[in-house]
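Here's the structure, in structure tokens; my notes come after.
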Amino acid sequence: MKLSNPGICKYLILLITLFGFYGQVQAQGLPDGEHRDKVIYACTACHGLDNIFSPSNKMSADDWEFYVYDMVARGAPVKPEDMQDIIDYLADNFSTK
Amino acid sequence: MRKLVNDLVNAKISRRGFLAGMAAASYSTTAARSALAAVEPFIPGGDLPTDYVRTVEGTGCDLMMEQMIESGAKYLFCSNGSGLGPISDSLVDRPQIQLIQATHEGQVVAIADGYAKVTKKPAYCMYSRVGLPHSTSNMYNAMKDRTPLVIMSDHSNSNREGTDSHEDIDNWIEALSQYTKWRWEAHYPERLAEWVRRAYKVASVLPGGPTALRVPRDVMYKQTKGAIFSGEALNVPMELRPDASEIERAAKVILSAKSPLMKVGPEVGTCDAQAAVVELCELVGIPVIQHRSIYADFPNTHTLWLGEDQNLGAYLREYQQPFDLYLNFGARQEPGGFSRSNPIKEIHASVDMDTVGRNSPTVANLVGNINQIAGDLVEAIKSMANRNQLKQMAEERMRIAGGLTTAWQQSRLEAGRLSKGSPVPWQALAYELRQQLEPDAVIVEEQGTEYKSLGMFPFADDAMMKIGRTEGRALGWGVGASAGVKLALPNRQVIALQGDGGYLFGQNDSLWTMSRYDIPVMVVVFNNGTYEETRWQIMGRMGPAGQANRDYVSYLGNPRVDFTHLAAAYNIDGAVVKNSSQLKGAIRKGLRTLADGRPFMLDVHTRTLGVGAEVTDYQKFSLAEQRTRKV
């Protein structure tokens with residue numbers, strides 16, 4: 001998963017946070033699903049969605065669980081009741097099974 | 001105040017004129033009298049209170065030591081060097097100064113820095129004249145954080161200096177100039193106490209910073225007689241009030257804002273202004289984010305706490321009013337302020353006249369002690385709006401921010417609780433520490449990407465305390481600093497959170513100090529075998545190295561360092577944890593060791609992630625294989 005230098009990208013982050021433009025453009029590629037919006041809000045607060053789409057991403061369902069816990073612990077703005085929904089959406093749509 | 005003091009000591013104004021000038025500058029009578037008392041000994045022709053100055057006969061170094069004692073020094077942080085000879089002689093009759101020795105000058109400064117960041121008073125260091133280059137990394141960190149230190153060393157003898165001789169260069173002062181607030185080479189033994197006093201004073205006055213004093217060794221050994229100034233004469237009141245008209249303007253702007261946001265920075269902690277800032281934010285409901293800081297400048301469990309920039313979007317989705325006022329309290333100003341592309345009104349509050357309004361335009365510049373600024377703003381706002389108006393203003397923002405803050409904190413803890421495995425997820429380690437640490441534990445942090453672990457701990461005046469990471473980011477600070485923090489707070493649990501990469505920037509030297517003086521700190525190494533932060537930056541930008549999936553400088557796994565073996569060399573016990581199931585027992589063992597009065601090393605193999613996480617390749621080279629003679 002690619003994260004950026006927080007110092008260099010402060011203003012990019014701000015733009016993403018305030019306007020969600022980058023995330024919205026990328027989000028068009030996210031498959032429909034019950035929890036799609038939760039994924040967009042949680043992930044694009046800090047970074048783009050490239051890493052989810054990346055063809056080199058060979059993540060298992062367990063890996064997604066690990067990554068989501070990691071990101072939430074880092075401060076991704078996710079409510080407790082949404083955590084499992086986000087894991088399920090990513091595992092259903094982007095895992096190697 | 002600076003001009004008034006200057007005029008007074010240069011006999012341009014009378015004492016009465018000084019008091020009148022202070023009153024005109026909004027200082028209270030008490031503060032004005034206190035300032036006058038502090039300056040009194042330096043007024044030409046003035047009557048020196050007899051207890052303000054005393055004369056001491058002895059070596060030049062005796063005078064330095066006496067002045068240190070007068071300033072309230074308990075410790076002198078030092079390393080070895082023959083330049084410590086004069087100090088050694090002076091200590092024989094001055095047991096009230098306790099030496100804390102380290103085996104490397106860089107760690108001497110780190111230990112003193114940790115001590116000073118907690119006490120907020122200058123800490124004294126002394127090391128060999130050639131130790132300066134070693135020490136500059138942490139001197140730089142201290143300067144960036146404006147931490148008050150008095151750094152002393154010997155210097156070439158008077159008859160040799162300036163000759164490019166043994167252990168000398170032509171200009172040591174120039175080498176110090178970027179890393180110190182003030183620096184001097186002192187050549188008159190009878191004036192050495194005066195220079196120590198000056199170094200202390202300059203270091204302590206906000207914004208603080210390291211000062212440096214070099215003294216030729218023969219001058220320190222020379223017999224002399226000189227004045228020692230009482231500690232009272234060092235007391236410069238720092239209750240600096242901001243300009244009253246700026247406060248009034250700022251209060252009006254705050255009251256007219258539809259969606260204010262505050263960013264807090266290290267000057268809040270430096271000025272002990274957390275409570276006053278909380279009161280201000282609660283008064284009108286201002287959500288708060290944290291700038292990089294050595295302190296937790298706002299309680300991270302408070303309902304108005306939003307954490308970092310990344311969380312603003314979630315707040316705005318619910319509040320639905322774009323920010324229209326940005327209050328920067330005690331942080332360095334970002335270029336362009338809140339956002340270059342979307343500028344909004346900014347109020348900057350800082351104790352540093354050089355910093356305030358430096359990088360972006362502002363609607364009000366509040367120069368003064370942050371505690372005073374927040375207090376004055378509270379009073380001004382209360383005088384302009386009634387209680388019901390204020391309550392109405394604050395209510396919705398507090399409700400929204402509070403709901404989010406509580407939910408995110410629950411999620412963080414839940415993510416930590418649920419994370420398991422081998423290597424250990426860092427959040428599992430942080431979660432388990434949170435479960436077992438004392439409610440008022442002190443966390444000293446020097447981590448890279450895993451600094452986010454700090455979000456697991458509750459920081460507030462009545463909860464845990466955070467020190468670090470430095471603004472300068474020069475690695476090799478945290479272990480030493482944690483020893484200094486423990487010296488300042490012997491009755492609070494102190495835990496150093498350290499990345500393996502940061503630790504390996506020469507921090508073993510501080511284990512020697514911890515072991516020698518029974519400084520019970522638990523050093524927790526997040527040992528993921530990589531400089532994760534640099535790997536993310538270098539490979540993540542997908543230049544040639546990233547595209548080739550090559551990690552040239554970040555991989556640390558060969559050799560994989562066993563930090564408990566390093567600790568064992570210093571007679572410090574430890575534990576290695578490779579699976580989250582081992583965490584509970586290992587942490588418990590460590591905390592028991594601290595209770596018994598000894599330091600402890602907890603080496604936790606943590607999982608790395610992100611770009612290049614799987615890469616264990618590096619530019620292989622073996623000199624042994626290239627030899628033609630196997631000797």
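Scanning the stretch B:173-190 for residues being farther than 16 Å from B:THR147 by Cβ and surrounded by 19 or more Cβ atoms within 10 Å (Cβ to Cβ) gives a total of 2. For the stretch B:44-74, filtered to residues that are assigned to a loop (DSSP other than H, G, I, E, B) and crowded, with 18+ Cβ neighbours inside 10 Å, the residue that is modelled with the highest pLDDT is B:ALA73.
Out of B:PHE329, B:PHE338, one residue alone is within 14 Å of chain A (Cβ to nearest Cβ) and touching a residue at least 60 places away in the same chain (Cβ under 8 Å). It is B:PHE338.
Considering the stretch B:503-614, the qualifying strands (runs of 3 or more DSSP E), each wholly inside and each with 1 or more residues that are within 24 Å of the chain's Cα centre (by Cα) and either modelled with pLDDT of 95 or more or more than 14 Å from chain A (Cβ to nearest Cβ) (or both), run over B:521-527, B:600-605.
Screening B:GLN410 with (1) crowded, with 22+ Cβ neighbours inside 10 Å; (2) farther than 30 Å from B:ALA595 by Cβ; (3) within 14 Å of chain A (Cβ to nearest Cβ) gives one miss only, at (1).
Going by the conditions given, is B:THR147 farther than 20 Å from B:LEU84 by Cα, at pLDDT 95 or above and touching a strand residue (DSSP E or B) at 6+ places or on another chain (Cβ under 9 Å)? Answer is yes for this residue. In the stretch B:7-30, how many residues are modelled with pLDDT under 80, closer than 20 Å to B:VAL367 by Cα and either in contact with an Asp or Glu (Cβ under 9 Å, 6 or more places away or on another chain) or in a loop (DSSP other than H, G, I, E, B) (or both)? Residues meeting the conditions: 4.
For B:HIS291, the conditions (1) away from chain A (no Cβ under 12 Å); (2) in contact with a Gly (Cβ under 6 Å, 6 or more places away or on another chain) are fulfilled apart from (1).
Scanning for something closer than 30 Å to B:ARG292 by Cα, under 28 Å from the mean Cα position of the chain (by Cα) and part of a helix (DSSP H, G or I), does the stretch B:150-167 turn up at least one residue? Spell out how you get there, then give the answer.
Of the residues in the stretch B:150-167, the ones closer than 30 Å to B:ARG292 by Cα are B:150-152.
If we keep only those that are under 28 Å from the mean Cα position of the chain (by Cα) as well, we get B:150-152.
Right, trim to part of a helix (DSSP H, G or I) and you get none.
So far as the stretch B:150-167 goes, no, none of its residues is closer than 30 Å to B:ARG292 by Cα, under 28 Å from the mean Cα position of the chain (by Cα) and part of a helix (DSSP H, G or I).
When you look at B:VAL363, is it in contact with a helix residue (DSSP H, G or I) (Cβ under 6 Å, 6 or more places away or on another chain) and in contact (Cβ under 8 Å) with a residue 60 or more places away in the chain, yes or no? Taking the combined requirement at face value, the residue satisfies it.
B:ASP462 meets each of the listed conditions (1) within 14 Å of chain A (Cβ to nearest Cβ); (2) farther than 28 Å from B:LEU475 by Cα apart from (1).
The values are calculated or read from the model by the stated rules, or taken from the named source; none is laboratory data. None of the values given here were measured: they were computed from a predicted structure. Virtual Cβ from ideal backbone geometry, glycine too; neighbours counted across all protein chains shown.
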